[in-house]
1. Condition check: touching a residue at least 12 places away in the same chain (Cβ under 8 Å) and closer than 23 Å to Leu186 by Cβ. Does His234 satisfy that?
2. Among the numbered criteria (1) surrounded by 22 or more Cβ atoms within 10 Å (Cβ to Cβ); (2) in contact with a Pro (Cβ under 8 Å, 6 or more places away or on another chain); (3) not hydroxyl-bearing (Ser, Thr, Tyr), which one does Phe203 miss?
3. Looking for whichever is exposed (fewer than 15 other Cβ atoms within 10 Å of the Cβ) and in a loop (DSSP other than H, G, I, E, B) here; the options are Pro263, Pro251. Which one fits?
4. Test Arg304 against the stated conditions and say whether it is basic (Lys, Arg), closer than 16 Å to Asp238 by Cα and in contact (Cβ under 8 Å) with a residue 40 or more places away in the chain.
5. Please enumerate the residues belonging to region 102-123 that are over 17 Å from Ile163 (Cβ atoms) and part of a helix (DSSP H, G or I).
6. Across region 152-186, what is the total count of residues that are part of a strand (DSSP E or B), of a type outside the set (Gly, Ala, Ser) and surrounded by fewer than 24 Cβ atoms within 10 Å (Cβ to Cβ)?
7. Please specify each residue of region 87-106 satisfying the condition of being surrounded by 24 or more Cβ atoms within 10 Å (Cβ to Cβ) and within 16 Å of Ser30 (Cβ to Cβ).
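The values are calculated or read from the model by the stated rules, or taken from the named source; none is laboratory data. Keep in mind the model is a prediction, meaning the values are calculated, not measured. Because the Cβ atoms are built from the backbone with ideal geometry, glycine has one as well, and the counts that use them run over all protein chains shown.
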Amino acid sequence: MATDTTTSDPAQLRMALADYIRGRKTFRTSQVEHAFQTVPRHVFLPGVDLEVAYAPRPVVTKRADDGTAVSSASSPNLVAGMLELLDVQLGHRILEIGAATGINAALLAELTGPTGGVVTIELDDDLATGARAGLAAAGYPQVQVICGDGALGHATRAPYDRIIVTAGAWDIAPAWWQQLAIGGRLVVPLRLHGSGLTRVLAFDLHQPDRMISTSAQVCGFVPMRGTAEQAEHHVRLDDDVALKLDIADLPDEAALAHALTYPAHEHWTGVQVHDEEPAQHLDLWLTTTSPSSFGRLSVGSAARASGLVDPALRWAGATLYDGGTIAYIAVQPHSDDTNELGIIAHGPDSKKLADQASDLLHRWDRERPNQPTITARPAGPPHDQTPSAAHIDRPHTQLAITW
């Protein structure tokens, strides 16, 4: 389904965008759908063509000197999914981390109504000023825009019933714990691995020292900046290929850099995945289950076209590595809407690692885990740990993931 780009009427374009999101089955409530039909996106994107403003794609609005995106209007479908997870009710007090254009804050204002309140924080003064102007022009002057570090929150108007983070976070900032009301919800795109693997999680604060999320949503976000900033790390395997990884896994970078000089070892598993199957968390499952380290291959078009490497797009280049050997998930068509999973390995121990990865895929096929349960606690002395859980330690948070 595509949005209607034959009209220059913003109201019609809003309705077409809402129709597209409904067609993706993202809307769960009439309230979120109505908000999308109401908020004039184009007012927050001055200088952007109407068709682009209402297209179902992100719009980059600020870049760093090196060309990387610093701020954007996120994919409307992803925004809708996050708002449904947030479960905003009339009268709620809401804190948003990452104002960007101000579009999301306007949607939040629609959802919380005149009896609620929305505070949104933006690191850069020019972005905060633009968001403030857009909100006023669009009819939402009641939204308070703060120029500051989102990791610090805004204690003056705490506690909040809902906190939503609209940038990729490495950790759950202490201020978010402290400023969220008991019974409240935090929706955050949390980086669960140093390779950049990120999921939108909806944490419910059940008690002051524990939050639980029972669902996860695949996403891609501009990383947080400020005091919560965390750089990604990668190893260059070829001019057009890089392996993103977690430096805490102590990778042998010198050995990995030569992995692609070894011939490919292919192993097709017979495991089949339908296009519509809920298999989006296979990569996260591998990070929590594999005895080998996890990474993600970033591959340019030239490397794919040459046949050098061709990892499955569905799992963002999911790869296991051990020493100087890599093994990544590949797919080949089985039918019109079903693919077979395979493993392609390069390195001195390619057969061994391919066999290990194949065993994992067969285990995944037997279990077909759907959604993870992720428990978050403030960092400190180790809590009672479930033996079957995978544990992730961040400076301010301990995470436990079970399936």
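1. No, not satisfied.
2. Every listed condition holds for Phe203 apart from (2).
3. Details: Pro251 fails: exposed (fewer than 15 other Cβ atoms within 10 Å of the Cβ).
After ruling out the rest, the residue left standing is Pro263.
4. For Arg304, the condition - basic (Lys, Arg), closer than 16 Å to Asp238 by Cα and in contact (Cβ under 8 Å) with a residue 40 or more places away in the chain - is not met.
5. Answer for region 102-123, where residues must be over 17 Å from Ile163 (Cβ atoms) and part of a helix (DSSP H, G or I): Ile103, Ala106, Glu110.
6. Qualifying residue count, region 152-186: 3.
7. Val88 - this is the single residue of region 87-106 that is surrounded by 24 or more Cβ atoms within 10 Å (Cβ to Cβ) and within 16 Å of Ser30 (Cβ to Cβ).
A quick yes/no check of all residues on (1) in contact (Cβ under 8 Å) with a residue 40 or more places away in the chain; (2) assigned to a loop (DSSP other than H, G, I, E, B); (3) in contact with a Lys or Arg (Cβ under 9 Å, 6 or more places away or on another chain); (4) at positive phi:
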{"residue": "Pro311", "(1), (2), (3), (4)": "no, yes, yes, no"}
{"residue": "Ile326", "(1), (2), (3), (4)": "yes, no, no, no"}
{"residue": "Ile329", "(1), (2), (3), (4)": "yes, no, yes, no"}
{"residue": "Asn339", "(1), (2), (3), (4)": "yes, no, yes, no"}
{"residue": "Asp359", "(1), (2), (3), (4)": "no, no, no, no"}
{"residue": "Ile374", "(1), (2), (3), (4)": "yes, no, yes, no"}
